[in-house]
1. With a 10 Å Cβ neighbour count serving as the proxy for reagent exposure, in which order, fewest first, do S122, S145 appear?
2. Given H placed on each backbone N at 1.01 Å, which residues far from E129 in sequence or on other chains put an amide H within less than 5 Å of it?
3. Just tell me the longest site-free run in the chain, where the sites are chymotrypsin sites (Phe, Trp or Tyr not before Pro) in a DSSP loop having at most 14 other beta-carbon atoms within 10 Å.
4. List, in order, the whole-Hz ³J(HN,Hα) value for each residue of the stretch 107-118 obtained from phi through the Karplus relation with A = 6.51, B = -1.76, C = 1.60 and θ = phi - 60°; use x for Gly and Pro.
5. By the gyration tensor of its Cα atoms, with a ≥ b ≥ c the square roots of the eigenvalues, what is the shape of the stretch 37-137: rounded for a/c under 1.5, prolate for a/b over b/c, or oblate?
6. Could you work out how much longer the chain between A27 and F47 gets when fully extended? Use 0.36 nm per residue separation minus the Cα distance between them, nm to one decimal.
7. From the phi angles alone, apply the Karplus equation (6.51, -1.76, 1.60; θ = phi - 60°) to the stretch 86-96 and give each ³J(HN,Hα) in whole Hz, x where the residue is Gly or Pro.
8. Could you line up H102, H79 from fewest to most neighbouring Cβ atoms inside 10 Å?
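Throughout, read-outs are computed from the coordinates displayed, never taken from laboratory work. Predicted model, so just to flag it, every value in this text is computed and none were measured. Neighbour counts are summed over all protein chains in view; Cβ atoms, including those assigned to glycine, are modelled from backbone coordinates with ideal geometry.
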Amino acid sequence: MSQSPPPLLRVAGLIDAFNMRLGQLCAWITLFLVIGTAIVVVLRYGFGIGAIALQEAVMYGHALVFMGAAAWTLQRNGHVRVDIFYQKFSSRRQATVDGLGHLLFLLPVCLFIGWNSWDYVSNSWATREGSNESGGLKFVYLQKSIILLLVGSLTLQALSDLVKVAYRIAGRLPEPEVKHG
């Protein structure tokens, strides 16, 4: 009979699954970005037609891809860093470095971004802010909300990682598999 994981690890697994799905959705959005950008270019330079709404939709897509997939990238250990010393550390020491990085840098940055963007986003929602461009999208408030998606997903992933780090340091969690690429 297999033992189910402790409750905190189950919650961490749910957070990981959510961020993985969000990241995969963002990966598929890049296909829209390529097609949308190609259409904008063909319309603009081939037919002399401006497509402001499509241009803005591509811009919204870029925001969603970069901010929506940040937590998935963190989960997969894909953010850029200098591994001169880290790669030679034991698994427990790597876990300690990761945990300290999350506590001292990632979570405070998430708090800072969330705190400073809250009024920016809520004011946009209060006025149902739309594009300044004629023919533009009327959903600028949704685009600005992506900032809070970044904060929420990164904060949740940091907490999930901290749970796994604690179990790894205690020797109760196996070595993480490398998920690059």
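1. S122, S145
2. Here Y141 satisfy the definition.
3. Within the chain, the longest run free of exposed chymotrypsin sites (Phe, Trp or Tyr not before Pro) spans 90-181.
4. Per residue, the Karplus-derived 3J(HN,Hα) values read 5, x, 5, 4, 4, 4, 5, x, 4, 7, 9, 4 Hz.
5. oblate
6. Net length gain for the segment: 4.2 nm.
7. After applying 6.51 cos²θ - 1.76 cosθ + 1.60, I find 4, 5, 8, 6, 5, 4, 5, 5, 4, 4, 5 Hz.
8. H79, H102
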